[in-house]
Amino acid sequence: MTALIGDDLERARAEAQASVRALRGRKSELDGDSIDVILADARSHYAWQNKLVPDALLHRLYEITAAGPTSMNTCPARFVFVKSQEGKERLAKSLKDKNIDKMMAAPVTAIIAHDLEFWRHLPFLFPHEDRRPHFEGKPEHSETTAFRNGTLQGAYFMIAARALGLDVGAMSGFSNAVVDEEFFAGTTLRSNFLCNLGYADEAALFQKLPRFPFEQACNYA
């Protein structure tokens, strides 16, 4: 992709601004039920119905996730959808014992990963200025940027899944080193966390745990 210039740039900017204004005009905010579905009353799930998640829905899930903002449009997150019995057996090697059954029962388990060399794709993702020198030869800065923005995309992923009618159950009780060796050996990808996807069996839920009130978690400056 090449950067737009001149009249093409002005036209594209005007179209983008008009699109945002039109969307806000149609939908200024989400209704209460929608907010409950994606966050306010959303739950982490650990038991699953025997109901498949179609590949077309996973494609849509990725497209929505990818639309979320990242710094300099770096888009470092990468997703592996573990669906097959073989794939799940490979992934099970990394899990703590108590998480194996949860993962095996889920229709899909996504490995949320990030590419440490995301910056190589910046000429496509950020075409109007070459930002590769900000990262090339700076592995610590690259890793921090990849992890931060990949985690952000992982959060978009979970919210987008709920918005599409899926249930999610994120997991961190596993060995990143084992996942990286099993799925990403010889690459620049590194795992962050796992997320089970599917249609939940609500019978396994318990009451929602407390959250800090605004006065305890927030401040002004």
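The values are calculated or read from the model by the stated rules, or taken from the named source; none is laboratory data. All values derive from a computational prediction rather than experimental measurement. Here the Cβ is made from the backbone with ideal geometry for all residues, glycine too, and neighbour counts use every protein chain on show. Keep in mind that these areas ignore ligands, DNA and RNA; they rest on the heavy atoms of the full protein, side chains included. Shrake-Rupley method; radii C 1.70, N 1.55, O 1.52, S 1.80 Å.
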Using a Förster radius of 22 Å, what is the FRET efficiency between Lys51 and Leu30 based on their Cβ-Cβ separation? Nearest 0.05, please.
0.25
Compactness of segment 166-219, expressed as Rg and Dmax over alpha-carbon positions, Å:
16.9, 48
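Where the convex hull is taken over the Cα atoms of segment 1-130, what is its projected area averaged over directions, in nm²?
11.7 nm²
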Hits among lysines - C-alpha to C-alpha of Lys208 under 23 Å, sequence gap 8 or more where chains match:
Lys98, Lys102
Rounded to one decimal in nm, the spacing of the 7 Å Cα→Cβ label points at Thr187 and Ala221 is 3.8 nm
If you stretched the chain out fully between Lys93 and Glu129, how much longer would it get, using 0.36 nm times the residue separation minus the C-alpha to C-alpha distance?
8.7 nm
Other-chain or far-sequence residues with amide H under 5 Å of Asn196's (modelled H)
Ala110, Gly169, Ala170, Met171
Taking 0.36 nm per residue of separation and subtracting the Cα-Cα distance, what length does fully extending Arg21 through Ala177 add?
51.6 nm
Cα to Cα, under 18 Å, and not fewer than 8 places away if on the same chain: which lysines meet these conditions relative to Lys96?
Lys88
In square angstrom, what is the accessible area per residue of the chain with a 1.4 angstrom probe?
62 Å²
Would you mind checking which residues have amide H under 5 Å from Phe174's amide H? H placed 1.01 Å from N; only 5 or more apart, or other chain.
Lys96
Only Cα pairs under 8 Å and at least 6 apart count here; give the relative contact order of segment 1-124 as a rounded whole percent.
31 percent
Is the C-alpha gyration tensor of segment 1-61 telling us rounded, prolate or oblate? Criteria: a/c under 1.5 is rounded; beyond that, a/b larger than b/c is prolate, otherwise oblate.
oblate
Ordered by packing density, taken as the mean number of other Cβ atoms within 10 Å over each peptide's residues, highest first, how do 205-212, 35-42, 61-68 rank?
61-68, 35-42, 205-212
So, in Å, what gap is there between the alpha-carbon centers of segment 155-220 and segment 70-106?
10 Å
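Percent relative contact order of the chain, based on C-alpha pairs within less than 8 angstrom and at least six residues apart? Intermediate values should be presented prior to the final figure.
Working: 278 pairs, mean separation 67.0, N = 221.
Averaging sequence separation for qualifying contacts and normalising by length gives 30 percent for the chain.
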Calculate what fraction, in whole %, of the accessible area of the chain sits on carbon and sulfur atoms when a 1.4 Å probe is rolled over the protein chains.
54 percent
Full-extension gain between Ala3 and Glu140, please, as 0.36 nm times their residue separation minus the C-alpha to C-alpha distance.
46.5 nm
For the chain, shape from the Cα gyration tensor axes a ≥ b ≥ c, cut at a/c of 1.5 then a/b versus b/c, turns out oblate
For Trp48, other-chain or 5+-apart residues with amide H closer than 5 Å (H placed, Pro excluded) are Asp201
Hey, what number do you get for the chain at 222 nm if only DSSP H runs of n ≥ 4 count, each worth -39500 (n - 2.57), divided across all residues, to the nearest 500?
-13000 deg cm²/dmol
